[in-house]
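K.L.:
The structure under discussion is supplied below as C-alpha cells; questions concerning it will follow.
The values are calculated or read from the model by the stated rules, or taken from the named source; none is laboratory data. Note that the structure is a prediction, hence the values are computed from the model and not measured. Please note: Cβ atoms are built from the backbone with ideal geometry, for glycine as well, and neighbour counts cover all protein chains shown.
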Amino acid sequence: MSFGREVLPYGVFSVNGGAPRVGVAVDDSILALSVLLGPEWAVGSLNGFLAQGRQRWSEVRQEICGLTADLDRTLMRHRVQHHGADAPPVLVPASDVTMHLPFEVADYVDFYASEQHATNLGRMFRPDAEPLLPNWKHLPVGYHGRAGTVVVDGTPVRRPRGLRAPGPAYGPSLKLDVEVELGFVVGMPSTLGTPVSTGDFEEHVFGVVLLNDWSARDIQAYEYVPLGPFLGKSFATSISPWVAPLDAIPRVASPVQDPPVADYLQTSANWALDLTLELSLNGEVISRPPFAGMYWTAPQMLAHLTANGASVRTGDLFASGTVSGPSDFGSLIELTWNGRDGGFLADGDEATITARTADGAWLGSVSGRILPA
C-alpha cells in the first residue's frame with residue numbers, strides 16, 4: 001500500500017545489507033534524509049531526532065512537506081547540485097529496502113483504555129459480577145511490559161510456553177491471541193519527580209506506531225492474580241516500522257467520561273484520534289475497530305504514567321490496549337468469545353494490523369507469523 005504524501009512517517013531502512021539510515025515514506029518510495037538534509041540522518045535510530053523536541057520536529061516536518069509538495073523539482077535540483085549521474089539517489093523504491101526497528105525502545109507500558117474491550121473480558125471472566133472493576137473509570141489501568149521483546153513488523157513470533165489455566169499444566173499456549181493497538185512514542189524526556197500534565201502531552205510525544213501486543217490467554221489467566229500480566233504478554237510485542245507524527249493524525253471530540261475524572265486527568269482538547277484499524281488473519285479481514293471511541297485518551301495515559309513522579313525517556317513506548325468498538329473487536333478472545341465461536345492462533349497463522357485515518361491516509365501495517373513452541 002502507498003502512504004501518499006499526507007502522513008510522511010519516519011522509519012529506518014537499509015538497502016542490500018548496507019548501513020541503516022533514516023527515511024520518510026512518500027508514495028511507494030522512501031525519501032533518504034541523509035542525502036537531502038545531511039549526514040546526521042545517516043543513523044540507525046530515530047532516538048537522536050526524537051530527543052530534539054517539538055520545535056525541531058515541526059521544523060523538519062515543514063521542510064519535508066515543502067520538499068515533497070513539488071517532488072519533481074526537488075529531484076531536479078538535487079541532480080543539478082550533484083552533476084547528474086553522480087547524484088546519490090534521493091528516492092529509494094520501498095520494494096528494495098529492509099525495514100528496521102525505528103527507535104531504541106527504552107521502556108514499554110501497555111494500557112487497557114477501551115471500555116468495550118474491558119467490559120467484554122469482564123463479562124467472560126466475571127459473569128456474576130459487574131464487568132468493570134470499581135477503579136476502571138477512575139484511572140487508566142496499565143502494566144509494565146518488556147522493552148527488550150518489542151520487535152519490528154515481519155519478525156516471526158514463537159509460541160510461548162508457560163503454566164496454563166486451568167490446571168496448572170506447563171506447556172505451549174493453547175490460546176495464543178492478538179491485540180490490535182496503537183503505540184505512542186515518547187521523544188522529549190521528563191524530569192524524575194515531576195509529573196507530565198495532559199496539557200504538556202504534545203511536548204513529549206512525537207508520534208504513533210501500530211502495535212500488536214501478542215497475548216497467551218491461558219498463561220495470562222493463571223498468572224494475572226494478584227499482580228497482573230507477566231509471561232502471558234512479555235514474549236513479544238510487534239510494532240510497525242513507520243512512526244507517524246502526531247501532526248498527521250486527525251482528532252475529534254473525546255468520549256464523555258462519567259464519573260468525572262480526577263483533576264490531573266482532565267483535558268480540554270479533542271484527543272480522540274480519528275482513525276480505523278483493521279485486523280486480518282492469513283489475508284482475510286476479520287475486524288475493523290475504530291480508535292476514536294477509546295475511553296481513555298493518550299494524554300491521560302501519559303499523565304497517569306507520570307502522576308507518581310515517574311519520568312519518561314526518549315524512546316519510551318506506551319500502548320492503548322486492545323482497540324474494540326461496539327461490534328468490531330480487536331482480539332480473538334472477543335471475536336470467538338473465549339473460544340466458544342472459533343479458535344485462537346494456530347502455528348503458521350499470520351496476523352496483520354493496518355490503519356487508515358478518517359481522511360483515508362494509510363498509516364502502515366504490522367504483521368507477524370506464529371512459529372511452533
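K.L.:
Are any of the residues in the range 213-230 surrounded by fewer than 19 Cβ atoms within 10 Å (Cβ to Cβ) and under 19 Å from the mean Cα position of the chain (by Cα)?
P.N.:
no
K.L.:
Restricting attention to the range 238-256, which residues are closer than 16 Å to residue 61 by Cα and small (Gly, Ala, Ser)?
P.N.:
Correct list: 244, 248.
K.L.:
Would you please name the residue that is nearest to residue 108 (Cα to Cα), looking only at residues in the range 142-165 that are surrounded by 18 or more Cβ atoms within 10 Å (Cβ to Cβ) and touching a helix residue (DSSP H, G or I) at 6+ places or on another chain (Cβ under 9 Å)?
P.N.:
Here the answer is 142.
K.L.:
Listed residues 18, 48; which is out of contact with any Asp or Glu (no Cβ under 8 Å at 6 or more places or on another chain), over 24 Å from residue 275 (Cα atoms) and free of Cβ contacts under 8 Å to residues at least 12 places away in the same chain?
P.N.:
18
K.L.:
In the list 241, 245, which residue meets the criterion of being in the same structural domain as residue 133 (by TED's automatic domain parsing) and surrounded by 24 or more Cβ atoms within 10 Å (Cβ to Cβ)? Talk me through it step by step, then tell me what you get.
P.N.:
Numbers: 245 fails: surrounded by 24 or more Cβ atoms within 10 Å (Cβ to Cβ).
Being in the same structural domain as residue 133 (by TED's automatic domain parsing) and surrounded by 24 or more Cβ atoms within 10 Å (Cβ to Cβ) holds for just one of 241, 245, which is 241.
K.L.:
Are any residues in the range 82-103 under 22 Å from the mean Cα position of the chain (by Cα), crowded, with 16+ Cβ neighbours inside 10 Å and in a strand (DSSP E or B), and if so, which ones?
P.N.:
Filtering the range 82-103 for residues under 22 Å from the mean Cα position of the chain (by Cα) gives 94, 97-103.
So of that shortlist, the ones also crowded, with 16+ Cβ neighbours inside 10 Å come out as 94, 97, 99-103.
Scanning the range 82-103 gives 97, 99, 100.
K.L.:
Exactly one condition in (1) over 17 Å from residue 232 (Cα atoms); (2) at pLDDT 95 or above; (3) part of a loop (DSSP other than H, G, I, E, B) is false for residue 174; which is it?
P.N.:
(1)
K.L.:
Does the range 324-332 contain at least one residue that is among the aliphatic types (A, V, I, L, M), under 22 Å from residue 274 (Cβ atoms), modelled with pLDDT of 95 or more and not in a strand (DSSP E or B)?
P.N.:
No, the range 324-332 contains no residue that is among the aliphatic types (A, V, I, L, M), under 22 Å from residue 274 (Cβ atoms), modelled with pLDDT of 95 or more and not in a strand (DSSP E or B).
K.L.:
Here are 106, 113, 129: which of them is under 27 Å from the mean Cα position of the chain (by Cα), of a type outside the set (D, E, K, R), part of a loop (DSSP other than H, G, I, E, B) and surrounded by fewer than 16 Cβ atoms within 10 Å (Cβ to Cβ)?
P.N.:
Details: 113 fails: surrounded by fewer than 16 Cβ atoms within 10 Å (Cβ to Cβ); 129 fails: under 27 Å from the mean Cα position of the chain (by Cα).
Result: 106 is the single residue among 106, 113, 129 that is under 27 Å from the mean Cα position of the chain (by Cα), of a type outside the set (D, E, K, R), part of a loop (DSSP other than H, G, I, E, B) and surrounded by fewer than 16 Cβ atoms within 10 Å (Cβ to Cβ).
K.L.:
Let me ask something else. Starting from residues that are part of a loop (DSSP other than H, G, I, E, B) and in contact with a helix residue (DSSP H, G or I) (Cβ under 6 Å, 6 or more places away or on another chain), keep the ones in the range 333-360 and report whichever is surrounded by the most Cβ atoms within 10 Å (Cβ to Cβ).
P.N.:
Within the range 333-360, the match that is surrounded by the most Cβ atoms within 10 Å (Cβ to Cβ) is 344.
K.L.:
Follow-up. Given the condition at pLDDT 95 or above, in the same structural domain as residue 292 (by TED's automatic domain parsing), hydrophobic (A, V, I, L, M, F, W, C) and closer than 19 Å to residue 300 by Cα, answer yes or no: does some residue in the range 120-129 qualify?
P.N.:
Within the range 120-129, not a single residue is at pLDDT 95 or above, in the same structural domain as residue 292 (by TED's automatic domain parsing), hydrophobic (A, V, I, L, M, F, W, C) and closer than 19 Å to residue 300 by Cα.
K.L.:
Turning to a different aspect of this structure: Need the failing condition index for residue 3 against (1) crowded, with 16+ Cβ neighbours inside 10 Å; (2) closer than 21 Å to residue 249 by Cα; (3) at pLDDT 95 or above; (4) not aliphatic (A, V, I, L, M), just the number.
P.N.:
(3)
K.L.:
Could you tell me which residue of the range 51-75 is surrounded by the fewest Cβ atoms within 10 Å (Cβ to Cβ), considering only residues that are more than 15 Å from residue 206 (Cβ to Cβ) and of a type in the set (D, E, K, R)?
P.N.:
72
K.L.:
Something else: For residues that are more than 18 Å from residue 179 (Cβ to Cβ), aliphatic (A, V, I, L, M) and either modelled with pLDDT under 95 or not in a strand (DSSP E or B) (or both), tally how many sit in the range 192-238.
P.N.:
Looking only at the range 192-238, we keep the residues that are more than 18 Å from residue 179 (Cβ to Cβ), and these are 192-207, 222, 225-227.
This time we only want the ones that are aliphatic (A, V, I, L, M), so: 192, 196, 205, 225, 227.
Filter once more, so that each one left must be either modelled with pLDDT under 95 or not in a strand (DSSP E or B) (or both): 192, 196, 225, 227.
Of the residues in that region, 4 qualify.
K.L.:
So for the range 40-50 (the condition being surrounded by fewer than 17 Cβ atoms within 10 Å (Cβ to Cβ) and in a helix (DSSP H, G or I)), does at least one residue qualify?
P.N.:
Scanning the range 40-50 turns up at least one residue that is surrounded by fewer than 17 Cβ atoms within 10 Å (Cβ to Cβ) and in a helix (DSSP H, G or I).
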